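For reference, the structure discussed in these notes is given below.
The values are calculated or read from the model by the stated rules, or taken from the named source; none is laboratory data. This one's a predicted model, so the numbers in the text were calculated from it and none came from an experiment. Counting neighbours? That spans all protein chains shown, and the Cβs are built from the backbone with ideal geometry, glycine included.
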Amino acid sequence: MVNFYRFNDMTDFDIDVQPGDVWEELNSFNCDFFDSQMKLDLNVEKKHIKLRLEEPVKLEELGKNSKFCVDEPLQIEPLEVKIKFYHIDHSNQDEEEKEEGKAERYRVKFILKKGCQADWFELF
């Protein structure tokens, strides 16, 4: 069996923190920038977070600093993003590194399920 997986630097990230930390940061981001308009659903069994914007949102702060919008607020259309976590195997890690207590690594993959890809890239 041949495994063909390509790492995409726009949607895949290797992190050294637990998925729970990502969940907390997303909740903070939601409260700070979206006034809790994003719906966040955590599925521990399937190891993913679903992020949904069901109504169009104007973001005053992000629009001013945006690559795409210079003087006007950023308009984000409804979208749905699945954030999937994969544990990275450390079986090839030597005993010294394991004893040092280095954090476990996870690969985080952002998958656009619905919505505009340009809005999604601007948002994240």
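Checking each residue in the stretch 106-124 for being of a type in the set (A, V, I, L, M, F, W, C) and either in contact with a Lys or Arg (Cβ under 6 Å, 6 or more places away or on another chain) or closer than 27 Å to D89 by Cα (or both) picks out V108, F110, I111, L112, F124. All of P19, P56 fail the test of being surrounded by 10 or more Cβ atoms within 10 Å (Cβ to Cβ), at pLDDT 75 or above and farther than 23 Å from E77 by Cβ, apart from P19.
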